[in-house]
Amino acid sequence: MTGVRVRESIVLLCGAAAAIWATSVDARPRTIPVVGVLYAGTSKGSSPTSWSAFRQGIRDAGFVEGRDLTFDFRFAENNPDLLTQLAADLVQRRVAVIVIPGSSAAVRAAMAATKTIPIVFMNASDPVRAGLVSSFPRPGGNVTGITDMGGELAAKRLGLLHQLVPEASRIGALIDPNTVRLLDELRTAAKAAGLEIEAVTANTDAEIDTAFKALGQKQVQALWVSPGSLFLNRRDQIINLAAHYALPAIYPLREFAEHGGLISYGSNIADRSQQAGQYVGRILKGEKPGNLPIMRNTKFDLVINLRTARTLGLKVPVTLHSEANEVFE
């Protein structure tokens, strides 16, 4: 065999070997990132609208579920004591991102479990005051997300409730302990409007029952319900108790009004969930959560349930009716 043919044979052999190596590498299963979801409530309490919009945000970022990522859901079933364990489980599994649909307690559990895995919260009333991030433009650390501007909306909700029940001067406030900071804004707004606030906190089913009894004894004339996944997961209980005590109530999410609550006003849950999905996509592409500014929700929903208004003997003002995004007849 001549030297030229030897060299040609060597080149062909090397090429074949390279092709075989490339084929074997391509044949190896590709590890796709896992997005962990830590939810303080129950699977039944999670909003289908929220998750549909979140997945749309993931698709907006160019990711296909099952091909580019998978999800691992963990539910604390309304037991805050489980959050620490569930967060640790997600960290041990080495998820790529931890998503928190609601509850600052769940965010804190995730923050305690990891300083490196990115954390994205979908809903926080005031993440700076709550100590979750350093600032809105530059959160720092491994945490970012969406704010529902709960503090700024506290006064707005109180004003809407006062429009609907102008004769009510003593307002009950049902407070999720995780959002107790909103009381300052609520009391300030009430004082300016000449209203009195009777606040009660509740963290369990039994405490919610007790809170309503206390509000009944204090003879409040209307009810303001604070935001938070704690109360969303007990939506039906709260709506039924408000009906039992004949309390006109304003709620933070449209789900309450859809299921029989009188009126709701709050950030559009689909909008903020989609934004959170987009942030997860950007993080999976390599961006640092600490460099992603906290996004403020810009879409808000006012929903009125006229059936409940009639049951309570209330007439909805024309101005309020015209402002509503949706009215249930």
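The values are calculated or read from the model by the stated rules, or taken from the named source; none is laboratory data. Just so it is clear, the structure is predicted and the values come from calculations on it, not from any experiment. Quick reminder, even Gly has a Cβ in these numbers, built from the backbone with ideal geometry, and neighbours come from all protein chains shown.
What tally of residues in region 202-215 results from selecting those that are of a type in the set (S, T, N, Q) and modelled with pLDDT of 95 or more? Quick ask: steps written out before the conclusion?
The initial filter retains those residues of region 202-215 that are of a type in the set (S, T, N, Q), namely 203-204, 210.
Okay, now just the ones that are also modelled with pLDDT of 95 or more, so 210.
Counting residues in region 202-215 that are of a type in the set (S, T, N, Q) and modelled with pLDDT of 95 or more gives 1.
Can you report the number of residues in region 80-127 which are in a loop (DSSP other than H, G, I, E, B) and under 16 Å from the mean Cα position of the chain (by Cα)?
Within region 80-127, the subset in a loop (DSSP other than H, G, I, E, B) is 93-96, 101-103, 114-118, 125-127.
Filter again for under 16 Å from the mean Cα position of the chain (by Cα), leaving 101-103, 125-127.
Looking only at that region, the number is 6.
State whether the residues of region 159-181 include one that is out of contact with any Phe, Trp or Tyr (no Cβ under 6 Å at 6 or more places or on another chain), surrounded by fewer than 17 Cβ atoms within 10 Å (Cβ to Cβ) and among the hydrophobic types (A, V, I, L, M, F, W, C).
Yes, region 159-181 has at least one match.
Results for (1) under 17 Å from Ile239 (Cα atoms); (2) among the hydroxyl-bearing types (Ser, Thr, Tyr); (3) in contact with a Pro (Cβ under 7 Å, 6 or more places away or on another chain), shown as yes or no for each residue.
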{"residue": "Tyr279", "(1), (2), (3)": "no, yes, no"}
{"residue": "Lys288", "(1), (2), (3)": "no, no, no"}
{"residue": "Ile294", "(1), (2), (3)": "no, no, yes"}
{"residue": "Asn297", "(1), (2), (3)": "no, no, no"}
{"residue": "Thr311", "(1), (2), (3)": "yes, yes, no"}
{"residue": "Ser322", "(1), (2), (3)": "no, yes, no"}
{"residue": "Phe328", "(1), (2), (3)": "yes, no, no"}
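When you go through Ala27, Ala16, Ala40, Ala96 one by one, which is the residue that is modelled with pLDDT under 95 and either charged (D, E, K, R) or closer than 18 Å to Phe121 by Cβ (or both)?
Ala40
Every residue, every condition in (1) in a helix (DSSP H, G or I); (2) crowded, with 18+ Cβ neighbours inside 10 Å, yes or no:
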site: Asn203; (1), (2): no, no
site: Ile208; (1), (2): yes, yes
site: Lys213; (1), (2): yes, no
site: Leu223; (1), (2): no, yes
site: Leu230; (1), (2): yes, yes
site: Ser264; (1), (2): no, yes
site: Arg272; (1), (2): yes, yes
site: Val280; (1), (2): yes, yes
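How many of the residues in region 62-78 are more than 15 Å from Gly102 (Cβ to Cβ) and either of a type in the set (S, T, N, Q) or loosely packed, with under 14 Cβ neighbours inside 10 Å (or both)? Step through it out loud before you land on a result.
To start, the set of residues in region 62-78 that are more than 15 Å from Gly102 (Cβ to Cβ) comprises 62-72.
So of that shortlist, the ones also either of a type in the set (S, T, N, Q) or loosely packed, with under 14 Cβ neighbours inside 10 Å (or both) come out as 62, 64-67, 70.
Residues meeting the conditions: 6.
Quick grid of which residues meet (1) surrounded by fewer than 18 Cβ atoms within 10 Å (Cβ to Cβ); (2) farther than 11 Å from Leu262 by Cα:
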{"site": "Gly286", "(1), (2)": "yes, yes"}
{"site": "Pro289", "(1), (2)": "no, yes"}
{"site": "Ile294", "(1), (2)": "no, yes"}
{"site": "Asn305", "(1), (2)": "no, no"}
{"site": "Glu326", "(1), (2)": "yes, yes"}
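Tell me whether region 310-324 contains one or more residues that are of a type in the set (A, V, I, L, M, F, W, C), free of Cβ contacts under 8 Å to residues at least 60 places away in the same chain and within 24 Å of Gly131 (Cα to Cα). Explain how you work it out, then say what you get.
So the first thing to find is which residues in region 310-324 are of a type in the set (A, V, I, L, M, F, W, C), and the list is 312, 314, 316, 318, 320, 324.
Next, from what is left, pick out any that are free of Cβ contacts under 8 Å to residues at least 60 places away in the same chain: 318, 324.
Still in the list and also within 24 Å of Gly131 (Cα to Cα): none.
No, every residue in region 310-324 fails to be of a type in the set (A, V, I, L, M, F, W, C), free of Cβ contacts under 8 Å to residues at least 60 places away in the same chain and within 24 Å of Gly131 (Cα to Cα).
Search region 117-137 for residues being within 24 Å of Val95 (Cβ to Cβ) and out of contact with any strand residue (DSSP E or B) (no Cβ under 9 Å at 6 or more places or on another chain), and hand back the single one that is surrounded by the most Cβ atoms within 10 Å (Cβ to Cβ). Steps first, please.
Step one: of region 117-137, the residues within 24 Å of Val95 (Cβ to Cβ) are 117-124, 127, 130-134.
Of the ones still in play, those that are also out of contact with any strand residue (DSSP E or B) (no Cβ under 9 Å at 6 or more places or on another chain) are 131, 134.
Values: Gly131: 12, Ser134: 14.
For region 117-137, the residue satisfying everything is Ser134.
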